[in-house]
Amino acid sequence: MILLIDCSKGLRLIIGNKQRIVANKSKPRLKKVSERLTVEIKILLDSIKKDYQNLSKIIVINGPGSFTGIRTGITAAKVLGLSLKLPVCGISLFELLRINYLKTKPKKNLKFLIKLNKDNYFAQNVNKSGKESEIILESFGVNLQYKSKEVDLVFLDNISVKNISRKVNDKEEIITINDLFNKTFKDLTNLSEKKYIPSPIYVKTF
């Protein structure tokens, strides 16, 4: 069984095998994640009548998101990995967005956006050759205006774009990706611990 830990915003836990997700828990508004994480993992394992000894790999989301949450998730994943002698892999939400996008879309210049709060987004540019920019925080206000041409905007979910209006031309598109973990879970199960290292991505949010 594979355990996924995401503390970038509240808490998301998923347990599954290489074929499918078996159990999951989402608490996006959970506070004090550091105090609840191990308890919630045990509760989820108990719900499917499994324990830590049934785990074969741990995957943790590196970020971006809550500074404390990211640190908590990575620390817990590493401690569990060491105590259970399991491989631990880390991957960012931006990497997952890119994996999912490329399954059905051609390579283009992209701007990936993950909502932080009402007006602010974590943003990363990826050009068609695959080169990634630094992850930064961008503020768009009510109207999203992006001047560069031929850039698809890829949002983590359609809730993020609900209050955003933007005109696009024939060479631009706004794309929303929902249920990211469900769509990429099989890809996650094949991550290599040598390549995907649980290293935190901290982005200044003030």
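Determine whether residue 193 is of a type outside the set (Ser, Thr, Tyr), surrounded by 14 or more Cβ atoms within 10 Å (Cβ to Cβ) and at pLDDT below 90. Write out each step before concluding.
Details: of a type outside the set (Ser, Thr, Tyr): yes; surrounded by 14 or more Cβ atoms within 10 Å (Cβ to Cβ): yes; at pLDDT below 90: no.
When the stated conditions are applied, residue 193 does not pass them.
Would you confirm whether any residue within the range 15-25 is of a type in the set (S, T, N, Q), under 22 Å from residue 92 (Cα atoms) and in contact with a helix residue (DSSP H, G or I) (Cβ under 7 Å, 6 or more places away or on another chain)?
There is no residue in the range 15-25 that is of a type in the set (S, T, N, Q), under 22 Å from residue 92 (Cα atoms) and in contact with a helix residue (DSSP H, G or I) (Cβ under 7 Å, 6 or more places away or on another chain).
Condition first: crowded, with 21+ Cβ neighbours inside 10 Å, touching an Asp or Glu at 6+ places or on another chain (Cβ under 8 Å) and not assigned by TED's automatic domain parsing to the domain that holds residue 137. Can you find one or more residues in the range 41-51 that meet it?
No, the conditions are met nowhere in the range 41-51.
Are any of the residues in the range 61-80 touching a residue at least 12 places away in the same chain (Cβ under 8 Å), under 30 Å from residue 138 (Cα atoms) and charged (D, E, K, R)?
yes
So in the range 151-167, with the set limited to residues that are assigned to a loop (DSSP other than H, G, I, E, B) and modelled with pLDDT of 80 or more, which one is farthest from residue 96 (Cα to Cα)?
Step one: filter the range 151-167 for residues assigned to a loop (DSSP other than H, G, I, E, B), giving 156-164, 166-167.
Next, from what is left, pick out any that are modelled with pLDDT of 80 or more: 156-157.
Details: 156: 10, 157: 13 Å.
Of everything passing the filter in the range 151-167, 157 is farthest from residue 96 (Cα to Cα).
Quick check on residue 133: is it among the hydroxyl-bearing types (Ser, Thr, Tyr) and in the same structural domain as residue 30 (by TED's automatic domain parsing)?
no
Which of the residues spanning the range 1-33 are buried (at least 16 other Cβ atoms within 10 Å of the Cβ), over 15 Å from the mean Cα position of the chain (by Cα) and outside any strand (DSSP E or B)?
Hits for the range 1-33 are 1, 30, 33.
When the residues of the range 34-73 are filtered to those that are touching a Pro at 6+ places or on another chain (Cβ under 9 Å) and either part of a helix (DSSP H, G or I) or among the charged types (D, E, K, R) (or both), which remaining residue is modelled with the lowest pLDDT?
Per the criteria, the residue is 67.
Somewhere in the range 99-122, is a residue surrounded by fewer than 16 Cβ atoms within 10 Å (Cβ to Cβ), among the basic types (Lys, Arg) and part of a helix (DSSP H, G or I)?
Looking for residues that are surrounded by fewer than 16 Cβ atoms within 10 Å (Cβ to Cβ), among the basic types (Lys, Arg) and part of a helix (DSSP H, G or I), one finds at least one in the range 99-122, hence yes.
Could you check residue 176 against (1) in contact with a Ser or Thr (Cβ under 8 Å, 6 or more places away or on another chain); (2) of a type in the set (S, T, N, Q); (3) at pLDDT 90 or above and say which number it fails?
In the conditions (1) in contact with a Ser or Thr (Cβ under 8 Å, 6 or more places away or on another chain); (2) of a type in the set (S, T, N, Q); (3) at pLDDT 90 or above, residue 176 misses (3) alone.
The values are calculated or read from the model by the stated rules, or taken from the named source; none is laboratory data. Because the structure is a prediction, the values reported are computed rather than measured. With ideal geometry, Cβ positions are generated from the backbone for all residues, glycine too; neighbour counts draw on all protein chains shown.
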